[in-house]
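Here the structure is laid out as structure tokens; the discussion comes afterwards.
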Amino acid sequence: MAGLLMKQKAVSLRESYELYDGNELKYCIQRRKLLTRKPAFDIFTEAGVVASAEVTNTDSPLVFKIIFGGEEAGEIRYDGVVGVNKLVYEAKGLEIDGNSMLNEFSVKDKDKKIIGTIKKKIVSFKDTYDIDFESEGDALLFSMLALVVDETFHG
């Protein structure tokens with residue numbers, strides 16, 4: 001099992017996060033525009049932007065357009081049904097569901113097998129998440145999923 005720690009930066013002009021693999025900074029996330037109904041975020045390393053998420057629809061369903069490595073990679077959708085805490089990333093065959101009151105979300109593949117979890121720490125100064133997943137190669141994908149969970153249920 002692999003994992004990351006996502007921490008919201010306490011002092012920042014724009015909403016931003018840092019993702020750590022152990023003590024090593026792996027990714028940074030920054031909101032592009034501060035005041036807008038349709039926020040956009042970039043995930044980057046020292047080499048530049050590696051992924052982006054942009055809200056394209058703020059009504060129901062709430063839709064995030066996802067870009068990995070400059071290529072469109074589908075949409076993550078939240079239908080906004082009261083009592084249902086589920087995101088769907090159809091292009092990857094994933095569902096992210098859980099309990100926003102308990103701050104725990106499971107990531108399931110098309111066969112409904114849990115392939116990772118996103119858990120918000122309840123006691124922390126800023127939003128902090130433990131992100132666990134099966135494959136090291138999925139670090140960027142799970143960083144994006146944690147960002148979308150934060151924006152949808154805790155933003």
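Scanning the stretch 4-40 for residues that are more than 20 Å from Ile76 (Cβ to Cβ), assigned to a strand (DSSP E or B), free of Cβ contacts under 8 Å to residues at least 40 places away in the same chain and aliphatic (A, V, I, L, M) yields a total of 1.
When you scan the stretch 42-49, do you find a residue that is of a type in the set (Ser, Thr, Tyr), in contact with a strand residue (DSSP E or B) (Cβ under 8 Å, 6 or more places away or on another chain) and surrounded by fewer than 16 Cβ atoms within 10 Å (Cβ to Cβ), even just one? Scanning the stretch 42-49, I find at least one residue that is of a type in the set (Ser, Thr, Tyr), in contact with a strand residue (DSSP E or B) (Cβ under 8 Å, 6 or more places away or on another chain) and surrounded by fewer than 16 Cβ atoms within 10 Å (Cβ to Cβ), so the answer is yes.
Candidates in the stretch 53-94 are the residues that are of a type in the set (Gly, Ala, Ser) and closer than 21 Å to Phe105 by Cα; of these, the one that is modelled with the lowest pLDDT is Gly83.
Scanning the stretch 130-140 turns up one or more residues that are touching a residue at least 40 places away in the same chain (Cβ under 8 Å) and touching a helix residue (DSSP H, G or I) at 6+ places or on another chain (Cβ under 7 Å). Take the conditions (1) surrounded by fewer than 18 Cβ atoms within 10 Å (Cβ to Cβ); (2) touching an Asp or Glu at 6+ places or on another chain (Cβ under 7 Å); (3) of a type in the set (A, V, I, L, M, F, W, C); Leu4 misses just one of them, which is (1).
Every residue, every condition in (1) within 13 Å of Lys7 (Cα to Cα); (2) free of Cβ contacts under 8 Å to residues at least 60 places away in the same chain, yes or no:
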position	(1), (2)
Ile96	no, yes
Asn99	no, yes
Asn103	no, yes
Asp111	no, yes
Ile114	no, yes
Asp127	yes, no
Val149	no, no
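The single condition among (1) in contact with a Ser or Thr (Cβ under 8 Å, 6 or more places away or on another chain); (2) loosely packed, with under 13 Cβ neighbours inside 10 Å that Thr56 does not satisfy is (1).
Within the stretch 24-39, the only residue that satisfies the criterion of being polar (S, T, N, Q) and surrounded by fewer than 16 Cβ atoms within 10 Å (Cβ to Cβ) is Thr36.
The values are calculated or read from the model by the stated rules, or taken from the named source; none is laboratory data. Remember, predicted model here, so these are calculated numbers, not experimental data. We place every Cβ from the backbone using ideal geometry, glycine too, and count neighbours over all the protein chains shown.
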